[in-house]
Amino acid sequence: MFGYRVPAPDEAMLISGGRRGLGGAPFRVVTGHGKFVLPVFRKVRFLTLSMCEAEVTETCVTKQGISLHVRAVIAFKVGNDQESIINAGQRFLSDQEQMSVLTGRIFAGHLRAIIGSMTVEEIVTERQKLAAEVLDTSKVEMAKIGLIVDSLQIQSIDDGDTGYIAAMSAPHKAAIQRQAQIAQAQATQAAVEAEQEAARKQAEYARQTAIVKAEYSAEVDRAQAQSAQAGPLAQAHAQQEVLDAQTELAQRQALLRQQQLVAEVVKPAEAEAERVRILASAEAQRMKIQAEAAASYDRVALDRMLIDQLPQIVKEAAGGLAGANVNVLNGADGLGEIAAGLVSQGLTILDSVRQNLGGPEKDTKDTNSSGLLQLHSGKERRSDDDGPVNVD
């Protein structure tokens with residue numbers, strides 16, 4: 001649009017004419033946006049806000065009186081605030097290149113002042129401290145002209161032909177050389193040890209390779225030998241298996257024959273023996289029962305015979321008294337007693353005969369026989385004696 005101006009992102013637009021700027025500045029500052037500017041009545045200029053660089057090469061004398069050539073680089077720019085832009089615009093708007101020249105001169109003066117208060121050892125070993133002190137001392141002056149310093153780097157420090165820095169570094173160089181020699185020796189020793197280790201490993205590998213080859217060769221020989229013997233061994237194994245099978249078959253046949261003999265001979269014989277034993281036992285039992293029955297029958301028959309003969313025995317006994325001279329003193333009672341005695345005598349004889357049939361009871365038989373004999377002897381005695389017989 002006609003009359004509308006916009007500054008670049010790294011620029012500040014300064015508009016002069018019309019109203020005054022901040023703090024009575026002869027211009028207004030516009031950054032970051034556009035502004036409508038009346039032609040002819042307003043004038044527009046632009047101030048860079050980008051980073052600038054200034055290089056300083058200065059010969060400085062240290063606290064020890066030793067001259068040092070110092071080279072430094074300063075990175076600076078115009079501040080972003082309106083006050084810094086106004087200060088820088090009033091000083092450098094017509095010739096902005098003067099910012100680098102002026103900044104270099106300012107830092108050169110501060111660098112000489114700071115180095116003059118330090119020793120060479122401090123300068124060489126504490127470069128960061130030197131840069132920080134230079135920045136601190138120059139900050140106020142740089143702010144007055146609207147500039148801020150982002151960094152200060154000491155590029156190099158050289159003592160020329162004096163050789164102070166070289167002499168100062170000699171012990172360190174010697175130590176470094178000594179350490180380098182030691183490191184070289186250690187590296188050489190390590191290299192030798194590594195070579196020896198490599199040779200040992202190669203020898204070990206060769207030995208293992210030879211062993212493996214020998215094992216492979218022996219294994220091949222064994223395989224060949226086994227292959228050569230495989231046929232005979234297989235045949236021998238087959239024959240052995242045939243013999244084992246035949247032996248097992250013979251054993252099974254013998255066992256089968258043994259079982260057949262047991263089934264055909266032993267078991268029938270045992271069954272026959274058991275049958276005979278059972279029959280014999282049954283026969284013996286039968287005969288025992290028959291004998292007991294016969295004995296019982298004989299006793300019954302004998303008892304019956306004796307009972308049948310008892311009257312005859314009593315009769316005979318009574319007949320023996322018929323010719324005897326017997327006097328009965330107590331009449332009918334005495335005669336009853338005689339008859340009862342005869343019957344009792346007959347029963348005693350019957351008991352004796354039964355006991356003799358039941359077991360060999362000799363004493364009872366003898367007693368009964370003696371009783372019979374006494375009876376008969378008494379009969380005879382009475383037959384000879386004519387006197388009276390008293391029966392109690």
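Here r is the Cβ-Cβ distance between Ala143 and Lys173 and R0 is 45 Å; the resulting FRET efficiency, rounded to 0.05, is 0.55.
Taking each residue as 0.36 nm, the span from Glu292 to Leu243 lengthens on full extension beyond its C-alpha to C-alpha distance by 10.6 nm.
Distant-in-sequence amide contacts of Met118, defined by a placed amide H-H separation under 5 Å and a gap of 5 or more residues or a different chain, comprise Lys63. Among His172, His69, the order of accessible area from largest down is His172, His69, computed with a 1.4 Å probe on protein heavy atoms.
Label-to-label distance for Met51 and Asp95 is 2.7 nm, based on points extended 7 Å past Cα in the beta-carbon direction.
Ligands, DNA and RNA left out, the 1.4 Å accessible surface of region 149-273 is 57% carbon and sulfur atoms. Residue separation of Val262 and Lys43 scaled by 0.36 nm, minus their Cα-Cα distance, works out to 64.2 nm of gained length.
Under a 5 Å amide H cut-off, with hydrogens placed 1.01 Å from N, Lys77 pairs with Cys52, Ile148, Asp150 among residues at least 5 apart or on other chains.
With a cut-off of 13 Å between beta carbons, the residues surrounding Lys144 carry a summed charge of 0, where Lys and Arg count +1 and Asp and Glu -1. The simple Förster model, with R0 at 51 Å and r as the Cβ-Cβ distance, assigns Ser227 and Val192 a FRET efficiency of 0.50.
Annotation: extensible slack from Arg71 through Tyr216 equals 44.6 nm (criterion: 0.36 nm per residue apart, minus Cα-Cα distance). So what does log10 I(q)/I(0) come out to for region 71-173 at q = 0.11 Å⁻¹, using the Debye formula with one equal point on every Cα and no solvent? Per q value, in the given order, log10 I(q)/I(0) is -0.42. Given R₀ = 45 Å, what would the calculated FRET efficiency be for Ser156 paired with Asn80, taking r from the Cβ atoms and rounding to 0.05? With a Förster radius of 45 Å, E is 0.90.
The values are calculated or read from the model by the stated rules, or taken from the named source; none is laboratory data. What you are looking at is a predicted structure, and each value in this text was computed from that prediction instead of being measured. Counting neighbours? That spans all protein chains shown, and the Cβs are built from the backbone with ideal geometry, glycine included. Please note that ligands, DNA and RNA were not included when accessible areas were found on the heavy atoms of the full protein model with its side chains. Shrake-Rupley method; radii C 1.70, N 1.55, O 1.52, S 1.80 Å.
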